[in-house]
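Since the structure comes first, as C-alpha cells, the remarks are kept for the end.
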Amino acid sequence: QVHLVESGGGLVQAGGSLRLSCAASGRTFSSYAMGWFRQAPGKDREFVATVVWIGGNTFYSDSVKDRFTISRDNAKNTVSLQMNSLKPEDTAVYYCASSSRYRGSDDGWYEYWGQGTQVSVSS
C-alpha cells in the first residue's frame, strides 16, 4: 500500500497563494504518478494536476493552468501543489492520489488517496 498525507491547506483571500504538500510512504516504488484532485461542497470530485515520478511530466486542468504548479521531490517522496492567484471557486477539499500506471485526469485509475486538506478562498 501507499500511504498519503496532505498538508498546507487553509484560508486565504482571493488573489493569494497557498502551497499544499503530500507525503507518500509505504510501497512508494509502485507509484507511477501522483495527482491532485479537489471536491467542492455539492460537486463531484474534479481533476487538478498530475506529475510523473520519473521524468516529472505534468498535466493540468484548464481551470488551474497558469496559476497552479505541481512538482515532486523523489528523494523525499513528496509532491507539492503551488497555488497562486487563488479564486473563491478554488475553494474545496484537496486530495492527493497515487496511481501505479496512469497519469491522467480519471480519478478511477488512482489506487491510493490521502484524507484531504481544506482550502478556502474568501472574496
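The values are calculated or read from the model by the stated rules, or taken from the named source; none is laboratory data. Nothing here was measured: the structure is a model prediction, and the numbers come from that model. Cβ coordinates were reconstructed from backbone atoms using ideal geometry, including for glycine residues, and neighbour counts include every protein chain displayed. Just so you know, the surface numbers come from the protein's heavy atoms only, side chains and all, with ligands and any DNA or RNA stripped out. Shrake-Rupley method; radii C 1.70, N 1.55, O 1.52, S 1.80 Å.
Going through (1) surrounded by fewer than 22 Cβ atoms within 10 Å (Cβ to Cβ); (2) closer than 18 Å to Gln118 by Cβ; (3) under 11 Å from the mean Cα position of the chain (by Cα) one by one, Ala40 falls short only on (3).
Only a single item in (1) modelled with pLDDT of 95 or more; (2) closer than 14 Å to Glu46 by Cα; (3) polar (S, T, N, Q) is not met by Ser105, and it is number (1).
Considering the range 13-27 alone, what residues qualify as being in a strand (DSSP E or B), open to solvent by 20 Å² or more (accessible area, probe 1.4 Å) and either β-branched (Val, Ile, Thr) or in contact (Cβ under 8 Å) with a residue 40 or more places away in the chain (or both)? Gln13, Leu18, Arg19, Ser21, Ala23, Ser25, listed by residue number. All of Thr50, Thr78, Thr58 fail the test of being more than 19 Å from Val2 (Cα to Cα) and at pLDDT 95 or above, apart from Thr58.
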